C-alpha cells in the first residue's frame with residue numbers, strides 16, 4: 001500500500017477510536033453537553049421569563065409610624081395609584097406601583113415602609129437599592145451613586161412618581177439626590193464579602209478537589225497506598241493547606257479593599273475568623289466528597305461545575321438574591337455559599353458578632369464534617 005494513502009487511513013482510525021472512547025463514557029457527554037444546556041435553560045427562565053422588572057424601595061417613616069413629614073399631596077398620590085401587597089417576610093408593610101412603557105415593558109416597584117435604622121440594614125443586605133424620604137414637599141432619594149442598579153432605579157422611580165411630567169400638577173414635588181457614601185452602604189461593601197466567599201469556594205473546589213482527581217488520573221495516588229499513611233491524614237493535610245492559603249488570599253483582598261476603598265470590619269474579628277474557618281471546612285468537605293472516587297478529569301470538571309456554577313449565580317455574590325422569585329429565596333438562603341456570604345457580609349457591614357452568626361457557623365461546620373466523613377468512607381486511591 002502506498003505510504004501516502006496509509007497515513008490518512010491511520011488518522012481516520014485514530015479519530016474514530018477516540019470518538020468511541022468518549023461515547024463509551026456517558027458521564028462525559030452529560031457534563032459536556034447536557035449540563036450546559038440545562039444551566040442555560042434555568043438561567044434563561046430566571047432572567048427572561050419575568051413579566052415585570054422588579055425594584056424595591058425603602059420609604060422612611062418617622063417615629064410615629066407615618067411617612068416623615070408626609071404631605072396631603074404625597075398621601076393622595078400613593079392612595080390613588082398604589083396597590084397594597086402582602087407584608088414581607090419580616091412583616092414590613094408594603095405597597096406596589098407599576099410603570100408601563102411600550103418599548104421597555106412594565107417595571108413594578110415595591111415600597112417598604114420602615115424606619116431609617118431598618119432601611120439602612122435592608123440597604124446593606126442588598127434588599128433595597130434606594131431610600132425614599134419626603135421633607136417639606138421635597139422627595140429625597142438616597143443611594144450609592146457608584147451603583148448602576150441604584151442609578152437605574154432612581155431614573156425609573158422619578159419617571160414613575162412624576163409620570164414623565166415633573167412640572168405638571170401630577171408631580172409630587174421636587175427631587176433631591178443625597179449620595180450615600182457611608183461605609184457599609186456602598187456597592188463595594190456588599191461586593192467584597194461576596195468575593196471572599198466565592199474565593200473560598202473556588203479555591204477548595206478547584207485547588208483541592210480537581211487537584212486530587214488529577215493526581216488519581218496520573219496514578220500518583222496509587223503510589224501512596226503502599227505507604228503506612230492513613231487516608232484521613234492525607235485528606236486532612238490537604239484541607240489544612242488549603243485553609244492556610246485561603247487565609248492569605250482573603251487577607252490580601254481585605255487589605256487591598258481597606259487601602260483603596262476604606263472598607264472597615266464593623267463586627268467582631270474573632271467571630272469573622274471562626275466563621276471563615278467554618279466556611280473553609282464546609283467547602284473542603286464538599287470537595288473531598290466530590291473527588292473521592294473519579295479519576296476522569298472531564299467528569300471531575302462536570303462535578304465541580306455542578307456545585308460551583310449554580311451557587312455563583314444564586315448565592316448573592318455580585319447582586320442580592322432577593323432579585324429571584326420569592327418562592328426560591330428560602331432555598332437559596334440554605335446554600336453553603338449563601339450562608340457563607342451572608343455571614344461574612346453581616347460581620348463586615350452590620351457589626352455582627354458570635355450571637356448573630358452562631359447558627360450559620362454550626363450549619364457550615366456540620367455540613368463540612370458530614371461531607372468529609374462521607375467522602376472518607378467512599379474514597380479510593382486509584
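The values are calculated or read from the model by the stated rules, or taken from the named source; none is laboratory data. Since the structure is predicted, the reported quantities are computational estimates derived from the model, not experimental observations. When we count neighbours, we look across all protein chains shown, and the Cβ atoms used for this are built from the backbone with ideal geometry, even at glycine.
Please tell me if residue 330 is in contact (Cβ under 8 Å) with a residue 60 or more places away in the chain, under 27 Å from residue 108 (Cβ atoms) and either over 15 Å from the mean Cα position of the chain (by Cα) or surrounded by fewer than 19 Cβ atoms within 10 Å (Cβ to Cβ) (or both).
no
Would you say residue 229 is more than 30 Å from residue 126 (Cα to Cα) and part of a loop (DSSP other than H, G, I, E, B)?
Numbers: more than 30 Å from residue 126 (Cα to Cα): yes; part of a loop (DSSP other than H, G, I, E, B): yes.
Yes, satisfied.
Go through the residues of the range 105-119 one by one and say whether even a single one is within 25 Å of residue 328 (Cβ to Cβ), exposed (fewer than 15 other Cβ atoms within 10 Å of the Cβ) and at pLDDT below 70.
Within the range 105-119, one or more residues are within 25 Å of residue 328 (Cβ to Cβ), exposed (fewer than 15 other Cβ atoms within 10 Å of the Cβ) and at pLDDT below 70.
Quick grid of which residues meet (1) outside any loop (DSSP other than H, G, I, E, B); (2) surrounded by 16 or more Cβ atoms within 10 Å (Cβ to Cβ); (3) touching a residue at least 40 places away in the same chain (Cβ under 8 Å):
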site	(1), (2), (3)
250	yes, yes, yes
254	yes, yes, yes
267	no, yes, yes
272	yes, yes, yes
277	yes, yes, no
281	yes, yes, yes
288	yes, yes, yes
292	no, yes, yes
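Tally the residues that are over 18 Å from residue 369 (Cβ atoms) and surrounded by fewer than 12 Cβ atoms within 10 Å (Cβ to Cβ), restricting the search to the range 226-248.
Of the residues in that region, 6 qualify.
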